[in-house]
Amino acid sequence: MNYEQPKNPLHGYTLEQIVTSLSDYYGWEGLGGRIEVRCFNEDPSVKSSLKFLRKTPWARKKVEDLFIYTLAKYGTTEASEGDEIEGSPKSEE
């Protein structure tokens, strides 16, 4: 049975998709600056982040809230080359 969830902005997204999208969009350093957890700041990886977030509801909530905010404010979680995101560190090339 397929249940529609029109009021749930996270419907259809897995936690892995959310973490991957945010890390691609903000970078691990930017993500760690927004959400102070070790899995984003010390040797970050999607796998370690998923393990931590699945066991830690308060951190998962912060990640989900950032994902919803990013979608609402920027309309995407895919950064284009040259995009500057408010509050994110500028990369020096």
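No value in this document is a laboratory result; all are computed from the given coordinates. All figures in this text were calculated on a predicted structure; none of them were measured in a lab. With ideal geometry, Cβ positions are generated from the backbone for all residues, glycine too; neighbour counts draw on all protein chains shown.
I want to check the label-to-label distance for Glu16 and Ala72. Put each point 7 Å from Cα in the C-beta direction and report it in nm to one decimal.
Between Glu16 and Ala72, the simple spin-label model gives 2.8 nm.
Counting only C-alpha contacts under 8 Å and six or more residues apart, can you give the relative contact order of the stretch 15-74 as a whole percent?
34
Excluding Glu16 itself, what net charge comes from residues whose Cβ is under 14 Å from its Cβ, given Lys and Arg +1 and Asp and Glu -1?
For residues surrounding Glu16, the net value is +2.
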